[in-house]
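J.: One structure is given below, represented as structure tokens, and several questions about it will come after.
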Amino acid sequence: MVKKKPSKWFSPDKEGRSRGRLSKRFCQRCGTTIQHAPILKSLNLCSFCVEELRKARDGVWSCKGCGALVPDQLRANNGYCSACLCPACGRPAPAEV
């Protein structure tokens, strides 16, 4: 039997109703609590901030080329994710940017 993959999001329907640590989850950027919007587990960002950052493509939270949310790769690659970099030279690929 195939195991179900866990979700990347904390759901307001499941998490925000109880007491304890999971009920106090909030977005680290805007402060929205788990009761109002789903929160991305890996980055602690609400769904509203995730969409806003993907559109912004600022190079700090989201990739300048494709808009992916991978802050660790962006710090290492000067604002671009590893998918947007040319494997040969290491610079942003013109087709992606």
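Each value in this text was obtained by applying a stated rule to the coordinates, not by laboratory testing. On a predicted model such as this, the values are computed, not experimentally measured, just so you know.
J.: List the residues, sorted by chain then number, that are 5 or more residues from F10 or on another chain and whose placed amide H is less than 5 Å from its amide H.
T.: Long-range HN contacts for F10: I39, L40, K41.
J.: Moving on. Working from Cα positions, state the angle (0 to 90°, nearest 10) between the long axis of helix 47-56 and the longest principal axis of the chain.
T.: For 47-56 against the chain, the angle is about 10 degrees.
J.: Considering amide H positions built from the backbone, and no H for Pro or chain starts, which residues 5 or more places from T32, or on another chain, come under 5 Å of its amide H?
T.: Answer set, sorted by chain and number: C27.
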